[in-house]
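The values are calculated or read from the model by the stated rules, or taken from the named source; none is laboratory data. Small disclaimer: the values here were computed from a predicted structure and weren't measured. Don't worry about glycine lacking a Cβ; one is built from the backbone with ideal geometry, like all the others, and counts go over all protein chains shown.
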Amino acid sequence: MSGMNTNGPRGVLRQGWSAAVGDYAIAGGWVSGGDVLVVGDAAGSVYGFEGTSGSIHWEHPEIHEGGLLAMSVHPDGARFVTAGQDGRVLIWNAKEGQVSHTIELGSGWVENVAWSLDGQRLAVSISRRVHVFDVDGQELWKSDNHPSTVSTIVWSGTGELATACYGRVTFFEASSGEILQQLEWKGSLVSMVLSPDGNVVACGSQDNSVHFWRRSTGQDSQMHGYPGKPSALAFDDKGGLLATGGGEDVTVWSFEGDGPEGTSPGVLKLHIKPITALTFARRGRRLASGARDGAVVVWSLQSDGQGFPTGAALVGGKVDMPDVVSGLTWRPDDRGLAALDASGGVTYWRVMDR
């Protein structure tokens, strides 16, 4: 990161706390209204950290044999779900840190989990199939096999489930599993986000591009020129801005007016290694980015995608040998930001107003 002193947090990022898990920190999220940060690691362990101090609230070492792969926090914050290489899906009571329901799916890797936005359904993917359960872990339906392994799953704001695999995005009706729409693209889709209204589907592709569709019109477009595959994507809460990785810069496309076709994106330059994580605050145009350079940057964006940094820090505070940022998660009130890293570090900063 050139042009910025990163020996400590700067700008809107203020000192918080740091902690560690036993292995590569895979996923995390805030539960109990932001009182507890839950983190899962590559060894299959799950931890609950007290949100203000970072002290261990509870921990369950290697509860997923072989390793944890995915986590999703329920919209009410009172429960969350984890999945792993052991073919199991665990539904947790967040306050007590105890498993309330166990779903056994066999010997395959459960790579994706996601609660619906209304909290009534849980979707999981294992190999080429998706399963949907109720809040108590009872199966409601499962899909036929996809053409290839399901790479990612996302619920829309209207209650549909979207899945991506090689060459295809599929939308399923939430209660029955009926296929509502299929969007075809001859390429490997590695990431996916939906606009809040569910109309725009954006996918990062193995061919170093971002492909998107407008479902209402059937129109599709592609953004080329990324130096790497865009595995990090994020929409803001209004659906007007799409932030994308795929290199050292954050590229932000504006969907305002007739955009993004025929417009120039905002290009946010500060990281010196490829972007690994992007997430918007729950409200407004404040974006957090993390990268392989160990840096976390908070940006203030305009409606056209242009922006400027308002805060920056390094995970673990190490300048000479920074760790790869593996995940970012805003506290529910947007007053705090937690970063996970490849060495098992968990770093939390308080986030102030400008």
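Looking at this structure, is ASP323 closer than 20 Å to GLY246 by Cα and modelled with pLDDT under 95?
On the way: closer than 20 Å to GLY246 by Cα: yes; modelled with pLDDT under 95: yes.
It is true that ASP323 is closer than 20 Å to GLY246 by Cα and modelled with pLDDT under 95.
Determine whether SER191 is of a type in the set (Ser, Thr, Tyr), within 23 Å of ARG292 (Cα to Cα) and under 20 Å from the mean Cα position of the chain (by Cα).
Working: of a type in the set (Ser, Thr, Tyr): yes; within 23 Å of ARG292 (Cα to Cα): yes; under 20 Å from the mean Cα position of the chain (by Cα): yes.
Considered against the rule, which asks whether it is of a type in the set (Ser, Thr, Tyr), within 23 Å of ARG292 (Cα to Cα) and under 20 Å from the mean Cα position of the chain (by Cα), SER191 comes out as yes.
Residue-wise test of (1) surrounded by 17 or more Cβ atoms within 10 Å (Cβ to Cβ); (2) in a loop (DSSP other than H, G, I, E, B); (3) in contact with a Pro (Cβ under 9 Å, 6 or more places away or on another chain).
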position: LYS95; (1), (2), (3): no, yes, no
position: HIS101; (1), (2), (3): yes, no, no
position: VAL113; (1), (2), (3): yes, no, no
position: GLN120; (1), (2), (3): no, yes, no
position: VAL124; (1), (2), (3): yes, no, no
position: VAL150; (1), (2), (3): yes, yes, no
position: GLY157; (1), (2), (3): no, yes, yes
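Listed residues GLY16, GLY29, GLY77, GLY48; which is part of a strand (DSSP E or B), under 17 Å from the mean Cα position of the chain (by Cα), in contact (Cβ under 8 Å) with a residue 40 or more places away in the chain and under 30 Å from ALA312 (Cα atoms)?
Details: GLY16 fails: under 17 Å from the mean Cα position of the chain (by Cα); GLY77 fails: part of a strand (DSSP E or B); GLY48 fails: under 17 Å from the mean Cα position of the chain (by Cα).
Step by step, each of GLY16, GLY29, GLY77, GLY48 is checked, and only GLY29 is part of a strand (DSSP E or B), under 17 Å from the mean Cα position of the chain (by Cα), in contact (Cβ under 8 Å) with a residue 40 or more places away in the chain and under 30 Å from ALA312 (Cα atoms).
For PHE212, are the conditions met, namely being at pLDDT below 95, in a strand (DSSP E or B) and farther than 27 Å from VAL99 by Cβ? It would help to see each step written out before you state the result.
On the way: at pLDDT below 95: yes; in a strand (DSSP E or B): yes; farther than 27 Å from VAL99 by Cβ: yes.
Considered against the rule, which asks whether it is at pLDDT below 95, in a strand (DSSP E or B) and farther than 27 Å from VAL99 by Cβ, PHE212 comes out as yes.
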